[in-house]
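The values are calculated or read from the model by the stated rules, or taken from the named source; none is laboratory data. All figures in this text were calculated on a predicted structure; none of them were measured in a lab. We place every Cβ from the backbone using ideal geometry, glycine too, and count neighbours over all the protein chains shown. Keep in mind that these areas ignore ligands, DNA and RNA; they rest on the heavy atoms of the full protein, side chains included. Shrake-Rupley method; radii C 1.70, N 1.55, O 1.52, S 1.80 Å.
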Amino acid sequence: MEILSPAGNPEGLVASILGGCDAVYLSGKSFGARAFAGNFTDQQLEGAINYAHDHGVKVYVTVNTLIKDSEMDDAVSFIRFLSDIGADAVLIQDLGLLKSIHTIDIKKHASTQMGIHSAKGLEWCGRNGLSRAVLNRELTFEEIKEVTRDSPVETEVFVGGALCYCLSGGCLFSSLVGGRSGNRGSCAQPCRKRYAFDGEKSYTMSCADIYGVDWLKRLEEIGVTSAKIEGRMRSQAYAYLATRVYSSANRGLDPEEYANDVELLKTVFNRGYGDGYFAGADKSPVQRIYADNRGQYLGKATFRKRKFSTDQLDVKVGLKDGLTLYNGDEKMGGFKLTSVGNAASPFDLPDGTYDVYRTYDPRIDTVKNLVGEAPKFTGSTERTPMHVPIKTVQRAPVDLPEMSFYVSSIRNLNAVLPHAHRVYYEMCDTLPEAQEICDNAGVEIVTHTPRFAPLEDIEPNGRPLMINTPGQYIPQKGDRIYASQFMNVFNSYHRMPFHQVTLSPELSNEEIRNIANHYPGRLEVMVYGRQELMCTRDPAMHNGTLIDEKAFRFPVYKDSRGLSHILNSSDTMLLPYLKELGRMGVESVGIDVRKRPENIVRKVAEIYANNDLKSKFDLQEMCGGLNYGAYLRGTD
C-alpha cells in the first residue's frame with residue numbers, strides 16, 4: 001500500500017521523501033485547499049517533481065478548491081502545465097473543472113472535498129474519468145471495506161493528521177460566519193474555537209488527530225490503494241517523523257523499532273490522537289480540553305516553591321527536554337530541564353498541581369539536521385494559456401421565480417402547500433404521506449436524499465430526487481434529478497444533466513448573474529432559512545444550541561440517521577432581491593423552513609409568495625435576526 005505524505009513547502013517535500021514515503025501531495029500558489037501553507041511556484045513545482053521522481057516518489061498536485069467562472073481558464077492552464085512537467089496526478093473537487101480538463105492527459109483524483117463515500121460514488125468516479133477517490137474521513141473501517149469491494153477505481157484513505165468536524169466539502173461555517181471559505185482554501189477553523197454547549201464551555205468541535213497506524217495492514221488487506229497523512233501546514237520535522245512512523249508500520253516492522261519516532265511525532269505536534277471513525281461511529285473523535293498543539297502530554301506534577309519531581313510524570317523525560325505547564329486553559333510558561341528527578345521551574349508560579357506537556361526533545365534537532373535545507377527547485381517550462389469556450393445563453397426573465405420549500409413535517413407541508421411550486425421533503429417515515437398530499441394538490445414533491453449514506457442504496461423510483469453528492473446520481477431515462485447546494489455548483493462549466501441545480505450559497509449576486517448568462521439549465525438560489533453551516537457524524541453532538549464567544553447562538557438538530565446539523569445563528573433573507581433574481585432568469589428560489597414553528601412557516605410562505613417587502617421587519621422580529629449571506633459580498 002502506498003504511503004502518501006504531505007509537502008507543504010520544499011523543506012516538507014524533502015522531509016517526507018527522506019522519511020520513506022511512496023508519494024507526496026502538494027500545491028501550487030493557487031487553487032489548493034491549504035492556501036496558508038508555503039506551497040510552490042511554477043518553477044519550484046517543476047524542480048520538485050523532478051527531484052521526487054529521481055527518488056522514486058510520485059507527486060500529486062491539489063487543485064481542489066471551488067473555481068469561479070473568472071478563474072476557469074487559469075485553472076485549466078495550470079493543470080495543462082502540471083501535465084507538461086510530469087505531475088503524476090491532480091486532485092480536484094470542482095465538477096466544472098473536471099468537465100473542462102477531460103482532454104488533458106493527466107490522472108485525475110477525486111478530492112475528499114467531493115464527498116465520495118459509497119460504492120455508487122466510486123462507480124460514478126469510474127464513469128467520469130477519475131482514476132482514484134479520496135474517501136470521506138467519516139467512514140468506519142467496516143464501511144470502507146464494504147464500499148471499496150469491487151471498486152472500479154483506486155481508493156485513498158486518510159490515516160494520520162487533522163480530522164475535519166464537518167463532512168468534507170460541506171462546511172460553510174468558516175465562510176458565512178468567519179468570512180473565509182474552507183471550500184476556497186482559506187478555512188478560518190471555527191471548529192477549533194471554544195463554545196458553550198449543554199451548559200459547559202469546551203472545544204466542542206475540535207477533533208483529535210487521526211492516528212491510524214494500527215489500521216494500515218487491515219486497510220491494505222481490503223484493497224485500499226493509498227494511506228494518506230494530513231499535514232501540509234506543519235513542520236518539516238512532523239513530515240519526516242509522520243512518514244517514518246507510517247512507512248515503518250507499512251513495511252511490517254515491529255513497533256519497538258519505531259517507538260522513538262512515535263514519541264517524537266507526538267512531541268512535535270499533538271492536540272490529541274485517536275482512531276477517528278475507523279473503529280466505529282459510536283465514539284466521538286473530539287478532544288474537548290484544548291485545540292492547540294501542546295506537544296506530548298506527560299501527566300500532572302505538583303510544584304512547591306517552584307520545585308517538583310519528574311518522577312511524578314507518567315512518561316520518562318530527559319535533560320534539555322522542553323516542558324510547558326498549563327493550569328486548565330491557562331499557559332503558565334515553559335522551560336528546559338536542567339536536571340532529572342528533583343527539578344525546578346526557572347520562573348515563579350503559585351504552588352499547585354499542573355498539567356505538563358513536552359514541547360521539545362533535543363532529538364528533534366537531529367531530525368532537522370538530517371533533513372537540512374531543501375535544494376533550490378527550479379524549472380523552465382512556461383504555462384500555456386488556455387481558454388475554455390462557453391456559450392452565452394438567453395434566459396427568459398421572470399417576474400418572480402418559482403417558490404420551492406424545504407420541509408420535514410406534514411404540519412409544515414400543509415402550511416406551505418398553498419404557495420409552493422414544489423416541495424423538497426426529506427427521506428423519512430412520513431415521506432409516503434407527504435407524496436400523497438402533494439400528488440392530490442398537484443404540487444411537485446422532490447425526495448431530498450441523506451447527506452451521508454455509505455451503505456444505503458438510493459433509487460429515484462420514478463419520482464424526482466434531490467441529491468447531495470455525485471455518488472447519489474444514478475442516471476436513468478426519464479428521471480428528474482435536482483442538485484442540492486451541497487453539490488457545490490460554483491460555475492457554469494459543469495454539464496451533468498440535472499433537471500435543476502441549486503447554486504452554492506457562497507456566490508455573490510454578480511457571480512450568480514454570470515453563471516445565469518452561461519449555464520443552459522434551470523437554476524435555483526437559496527433565499528431564506530437557517531443555513532446549514534456544518535453536518536457532522538460526531539455521536540456526541542445532539543439537539544441543542546452552540547454558543548460562541550460572541551454569544552451568537554447556533555441551533556443544532558440530530559436527524560434519524562445520527563447526523564447532527566449545525567445551523568446559522570440567524571436566517572438568510574434575500575426577499576428584497578427576488579425580482580433581481582427573476583431578471584437574471586433564475587427559475588426557482590429555495591426557502592428552507594425545516595424545524596421551524598408552524599406560525600413562522602406559514603408567515604414566511606405568505607411573505608415570499610406575495611413578495612411582501614413591507615413585511616421584512618416582521619420577519620426579522622419573528623425570526624430574531626436576518627442576514628444576506630454571501631449575496632452582497634461574495635466569498636474569498
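Where in region 538-632 are the helices (runs of 4 or more DSSP H), entirely inside, with at least 3 residues that are in contact (Cβ under 8 Å) with a residue 12 or more places away in the chain and among the aliphatic types (A, V, I, L, M)?
Per the criteria, 578-584, 598-609.
Please state which one of Asn491, Asn517 is over 30 Å from Ala196 (Cα atoms), outside any loop (DSSP other than H, G, I, E, B) and of a type in the set (S, T, N, Q).
Answer to the check: Asn517.
State yes or no: is Glu138 farther than 18 Å from Gly185 by Cβ and in contact with a Lys or Arg (Cβ under 7 Å, 6 or more places away or on another chain)?
Spelling it out, Glu138 is indeed farther than 18 Å from Gly185 by Cβ and in contact with a Lys or Arg (Cβ under 7 Å, 6 or more places away or on another chain).
All but one of (1) touching a Pro at 6+ places or on another chain (Cβ under 6 Å); (2) basic (Lys, Arg); (3) surrounded by 22 or more Cβ atoms within 10 Å (Cβ to Cβ) hold for Arg583, so report the exception by its number.
Of (1) touching a Pro at 6+ places or on another chain (Cβ under 6 Å); (2) basic (Lys, Arg); (3) surrounded by 22 or more Cβ atoms within 10 Å (Cβ to Cβ), only one is false for Arg583: (3).
Within region 401-424, how many residues are assigned to a strand (DSSP E or B) and of a type in the set (Val, Ile, Thr)?
2
Can you confirm whether region 480-499 contains a residue that is more than 26 Å from Asn128 (Cβ to Cβ), touching a residue at least 12 places away in the same chain (Cβ under 8 Å) and of a type in the set (Ser, Thr, Tyr)?
no
Here's a check for you: in region 425-445, which residue that is among the charged types (D, E, K, R) and in a helix (DSSP H, G or I) is most open to solvent (accessible area, probe 1.4 Å)?
Glu436
Consider Tyr528 against the criteria (1) at pLDDT 95 or above; (2) surrounded by fewer than 20 Cβ atoms within 10 Å (Cβ to Cβ): it satisfies all of them except one. Which criterion is unmet?
(2)
With open to solvent by less than 10 Å² (accessible area, probe 1.4 Å), over 22 Å from Tyr482 (Cα atoms) and not aliphatic (A, V, I, L, M) as the only criterion, which of Ser569, Ser564 stands out?
Ser564
Collect the residues in region 177-197 that are buried (at least 22 other Cβ atoms within 10 Å of the Cβ) and out of contact with any Lys or Arg (no Cβ under 9 Å at 6 or more places or on another chain), keeping them in residue-number order.
Result: Ser181, Gly182, Asn183, Pro190, Cys191.
Looking at (1) in contact (Cβ under 8 Å) with a residue 40 or more places away in the chain; (2) open to solvent by less than 30 Å² (accessible area, probe 1.4 Å); (3) under 30 Å from the mean Cα position of the chain (by Cα), find the lone condition where Val416 falls short.
Status for Val416: all satisfied but (3).
Go over the candidates Gly231, Gly252 one by one and state the one that is open to solvent by 20 Å² or more (accessible area, probe 1.4 Å) and not in a helix (DSSP H, G or I).
Every option except Gly252 fails the conditions.
Going by the conditions given, is Gly170 surrounded by 22 or more Cβ atoms within 10 Å (Cβ to Cβ) and part of a loop (DSSP other than H, G, I, E, B)?
Answer is yes for this residue.
Could you check region 258-311 and list, in sequence order, the residues that are of a type in the set (Lys, Arg) and in a strand (DSSP E or B)?
Within region 258-311, Lys300, Arg304, Lys307 qualify.
Which members of region 617-636 meet the condition of being within 23 Å of Phe554 (Cβ to Cβ) and more than 24 Å from the chain's Cα centre (by Cα)?
Leu619, Gln620, Glu621, Met622, Cys623, Gly624, Gly625, Leu626, Leu632
Among the candidates Ala453, Ala415, Ala420, single out the residue that is among the small types (Gly, Ala, Ser) and modelled with pLDDT under 95.
Step by step, each of Ala453, Ala415, Ala420 is checked, and only Ala453 is among the small types (Gly, Ala, Ser) and modelled with pLDDT under 95.
Just need a number here: residues in region 473-508 that are of a type in the set (S, T, N, Q), open to solvent by 10 Å² or more (accessible area, probe 1.4 Å) and modelled with pLDDT of 90 or more.
Count: 3.
Do we have Cys207 as under 21 Å from Ala133 (Cβ atoms) and either small (Gly, Ala, Ser) or modelled with pLDDT of 95 or more (or both) here?
no
Pull out all pairs, ordered by first then second residue, where Cβ-Cβ is under 7 Å, the residues are six or more apart or on different chains, the first lies in region 320-347 and is exposed (fewer than 14 other Cβ atoms within 10 Å of the Cβ), and the second is part of a loop (DSSP other than H, G, I, E, B) and among the charged types (D, E, K, R).
Lys336/Lys320; Lys336/Asp321
Going through Phe31, Phe36 one at a time, which residue ends up being modelled with pLDDT under 95, buried (at least 24 other Cβ atoms within 10 Å of the Cβ), under 23 Å from the mean Cα position of the chain (by Cα) and among the aromatic types (Phe, Trp, Tyr)?
Phe31
If you go through region 593-621 one residue at a time, how many are surrounded by 13 or more Cβ atoms within 10 Å (Cβ to Cβ) and in contact with a Pro (Cβ under 9 Å, 6 or more places away or on another chain)?
So the answer is 5.
Report yes if Pro389 is without any contact (Cβ under 8 Å) to a residue 24 or more places away in the chain and either under 31 Å from the mean Cα position of the chain (by Cα) or on the phi > 0 side of the Ramachandran plot (or both), otherwise no.
yes
List pairs: first in region 164-184 and free of Cβ contacts under 8 Å to residues at least 60 places away in the same chain, second in a loop (DSSP other than H, G, I, E, B), Cβ under 6 Å, 6+ apart or cross-chain?
From region 164-184, the pairs are Ser168/Asn136; Ser174/Arg180; Ser174/Cys187; Ser174/Ala188; Gly178/Ala188.
Taking Glu146 as meeting all but one of (1) touching a residue at least 24 places away in the same chain (Cβ under 8 Å); (2) out of contact with any strand residue (DSSP E or B) (no Cβ under 9 Å at 6 or more places or on another chain); (3) open to solvent by 40 Å² or more (accessible area, probe 1.4 Å); (4) closer than 18 Å to Met496 by Cβ, write down the number of the exception.
Among (1) touching a residue at least 24 places away in the same chain (Cβ under 8 Å); (2) out of contact with any strand residue (DSSP E or B) (no Cβ under 9 Å at 6 or more places or on another chain); (3) open to solvent by 40 Å² or more (accessible area, probe 1.4 Å); (4) closer than 18 Å to Met496 by Cβ, the lone unmet condition for Glu146 is (4).
Starting from residues that are farther than 27 Å from Ser345 by Cβ, of a type outside the set (Lys, Arg) and open to solvent by 20 Å² or more (accessible area, probe 1.4 Å), keep the ones in region 279-307 and report whichever is nearest to the chain's Cα centre (by Cα).
Top of the filtered list is Val286.
So which of Asp73, Asp105, Asp88 ends up being touching a residue at least 12 places away in the same chain (Cβ under 8 Å) and under 29 Å from Asn514 (Cβ atoms)?
Selected residue: Asp73, the only one of Asp73, Asp105, Asp88 that is touching a residue at least 12 places away in the same chain (Cβ under 8 Å) and under 29 Å from Asn514 (Cβ atoms).
Within region 198-213, track down each residue that is surrounded by 16 or more Cβ atoms within 10 Å (Cβ to Cβ) and of a type in the set (Asp, Glu).
Asp209
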